[in-house]
Structure formats: structure tokens, C-alpha cells
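Asker: One structure is given below, represented as C-alpha cells, and several questions about it will come after.
The values are calculated or read from the model by the stated rules, or taken from the named source; none is laboratory data. Predicted, not measured: the structure shown is a model, and the values here were computed from it. Because the Cβ atoms are built from the backbone with ideal geometry, glycine has one as well, and the counts that use them run over all protein chains shown. The area values use the complete protein model at the heavy-atom level, side chains included, leaving out ligands, DNA and RNA. Shrake-Rupley method; radii C 1.70, N 1.55, O 1.52, S 1.80 Å.
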Amino acid sequence: MPGMRRREFIGLCGGTAAWPLAASAQQSTMPVIGFLHQGSPEAYAKFAAGFRKGLAEAGYVDGRNVVIEYRWAHGESHLLQELAADLVSRRVTVIVTPGSAAATLAAKAATTAIPIVFMAGADPVQTGLVSSLNRPGGNMTGVGSMNNGLGAKQLGLLHELLHGAHQFAVLANPSNPQSQSVIAEVQAAASTVGAQLEILTATTNHDINPAFAGIAQRRPDGLLISPDPLFTNRLVQLATLSARHAMPTIYALREFAEVGGLMTYGSNFIDLFRQVGNYTGRVLNGEKPAEMPILQPIKFEFVINLQTAAAIGLDVPPSLLARADEVIE
């Protein structure tokens, strides 16, 4: 970014009118929420709205009795540490990091005093975020999406769709600290059904097209997109590339199916963001994160887009259609 200092860019990552709102909050002693995320406001607009809905359920409305300061890394995960440090320096009341492992780790490294409410795709005890699901301890609590533990189920659904398939690929972001566990789970699932698995990687937006060029060259039978903010940030691009290459693909978030993805299986992200918002409101009301149990999803959604299946020449077995929570026709 020629002519622009790094600090100025960090300021721009906060979004429209963040600084005037912060000044207003300080003058009126309203609590300030620091919203830290690896993605972009455009891609996460629906999810952020879910967060604000949950916050309102707890009695807080942005601009009325609380201020939300957004910090978006726009897919540049290396910025998260500085964005987290900026929120800490501004002495926000609570930091939220929904659906971004890298943002959660950056916030954890930046403060042990300010409460943090996260959404984690993997087990937060195993990843060292908290000491216990029932009593997290420290300054952190949140919601588990469990999407990072669904790779075996997703591959199983893809294998059932593509009866006789023996070659699969997974697209993962190696900069995500949870990607290795996702890959290991999918590899184990592939071995169970006697299939080969190829690992393709993308660390930035610019890596996605070359990754699909590799897919076009190798022609696996099916593709699994691992859950990652980088990929959620590029919903339309990924669905379009899969369709262009007639590649049967499964994703974690239903939003992929809504923009043309073939199949999705995972937790409802909008509702999880709502739960993060509700938990954040409870922290603002005086509850201690150390004593707030980690919430877990109780339902996972299976969505099939029949329009996409027809476009790439696939017949979806009746057994899969019968188990789908939603079929887009």
C-alpha cells in the first residue's frame, strides 16, 4: 500500500466510524466490545448480524448502550496480533473472536485481564484455550462449533454420493493452527473407505485459483473444503470454481450451498454467532468467563443443492436426499 503507514492501515481495518464511536463511548461510559476477526465485514455481514441479535437478547444494542469496535484482518492473518494489541491498548471491556482460531490465539496472547468470548471449531480444551469445558478458568469462555471435527462425516457423505470413488482431495489453510487436526481426521476417514487423499493448500486469497488449477490437473473424484475463515471469506469464488471444474465438493457452512455449492454439513454459523453475542452480553452484565461453561452445538445441518448436482451431471441417491435437512431445488 504505497504511501500508507502500517498504523494507518491498521486503523482502516476497524471499519467505518470506529474511532468517533469509541470517543462517544468513553464520554458516556458505555462498555466497548472489541470484535476481532480474520475475515472481512462484507463476507461476514450475516454472521455479525447474528452476533448483534444475541447481544440484544442480553439487553445490549450497538450505539445505544454499548459500542462495538470491529477489527477485520481481511484475510491477512499476520495482522491479527497488532489488531488485538490495539484493542487492548484502547481498554475495551471485552474482546470477541467468533469463528477465527487465529484471532482467538492473538487475543489470548495480548491479554490475560480483558474477558475474551470465542467460537472454536476444535475442542478448546485440547487446543489449550481453556482448562475445562464446564469451568474454563482464566479470562476466556465461548462457544464450540465442532466443525473442525466433522471431516470424517463430510468425507463419508461425499463418498456415499460418489459411489465407487477412490480419489479425494482436501483444501486446507496451513496457517490455521487447527488445519493439521482436520487433515489427519480426513486422512483417517479416507483410509477407512480405501481411498487416497491429496492435500491442497491456500494461505491467502491469491492461492485459491492456483489450488483449483492443481485440482483440474489431478482430477480427484471429490473435494472437501476445510472450515476456515479464509474460505468463508470467498464463498462465491469457491462455489463458482467447483462448478466450473464440475468438481463434487462438500463444505462446512450452509452458506456455500446457498451460493451454489453442492453439499454442506456442519453447525449453523449464524446461530453460533448469536450465542457468542448472548454470552458477551452476560459478561457485560457481570458474569465471570472462568465460570461460564463452553456451549456446544446440539444439531448439525446437511444441505444439498440439486441445481448444482444437475449442472455437473450428478444423480443424488434417494438415501442422501432423505437425510438432508434442506434440499435446494
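Asker: Working only within the stretch 169-197, note down all residues that are part of a strand (DSSP E or B) and under 23 Å from the mean Cα position of the chain (by Cα).
Answerer: Kept after step one, since they are part of a strand (DSSP E or B), are these residues of the stretch 169-197: 169-172, 196-197.
Listed by number, the residues that qualify are Ala169, Val170, Leu171, Ala172.
Asker: Also, I was wondering about something else. Just for the stretch 202-227: of the residues that are among the charged types (D, E, K, R) and closer than 24 Å to Glu160 by Cα, which one is surrounded by the most Cβ atoms within 10 Å (Cβ to Cβ)? Talk me through it step by step, then tell me what you get.
Answerer: Let us first name the residues in the stretch 202-227 that are among the charged types (D, E, K, R), namely 207, 218-219, 221.
Among the residues that remain, those that are also closer than 24 Å to Glu160 by Cα are: 218-219, 221.
On the way: Arg218: 11, Arg219: 11, Asp221: 18.
My answer is Asp221.
Asker: Of the conditions (1) open to solvent by less than 20 Å² (accessible area, probe 1.4 Å); (2) small (Gly, Ala, Ser); (3) at pLDDT 95 or above, Gly99 clears all except one; give me its number.
Answerer: Against the list (1) open to solvent by less than 20 Å² (accessible area, probe 1.4 Å); (2) small (Gly, Ala, Ser); (3) at pLDDT 95 or above, Gly99 comes up short only on (3).
Asker: While we're here: Answer yes or no as to whether Ala48 is closer than 17 Å to Met140 by Cα and out of contact with any Leu (no Cβ under 6 Å at 6 or more places or on another chain). Steps first, answer last, please.
Answerer: Working: closer than 17 Å to Met140 by Cα: no; out of contact with any Leu (no Cβ under 6 Å at 6 or more places or on another chain): yes.
Considered against the rule, which asks whether it is closer than 17 Å to Met140 by Cα and out of contact with any Leu (no Cβ under 6 Å at 6 or more places or on another chain), Ala48 comes out as no.
Asker: While we're on this one: Residue check, Ile304 against (1) among the β-branched types (Val, Ile, Thr); (2) more than 18 Å from Leu155 (Cα to Cα); (3) touching a residue at least 40 places away in the same chain (Cβ under 8 Å); (4) out of contact with any Phe, Trp or Tyr (no Cβ under 7 Å at 6 or more places or on another chain), all met but one. Which one?
Answerer: (2)
Asker: Let me ask something else about it. From the list Thr201, Thr232, Thr192, pick out the single residue that is within 21 Å of Gly149 (Cβ to Cβ) and either at pLDDT below 90 or touching a Pro at 6+ places or on another chain (Cβ under 8 Å) (or both).
Answerer: Details: Thr232 fails: either at pLDDT below 90 or touching a Pro at 6+ places or on another chain (Cβ under 8 Å) (or both); Thr192 fails: either at pLDDT below 90 or touching a Pro at 6+ places or on another chain (Cβ under 8 Å) (or both).
None of the others qualify; the one that does is Thr201.
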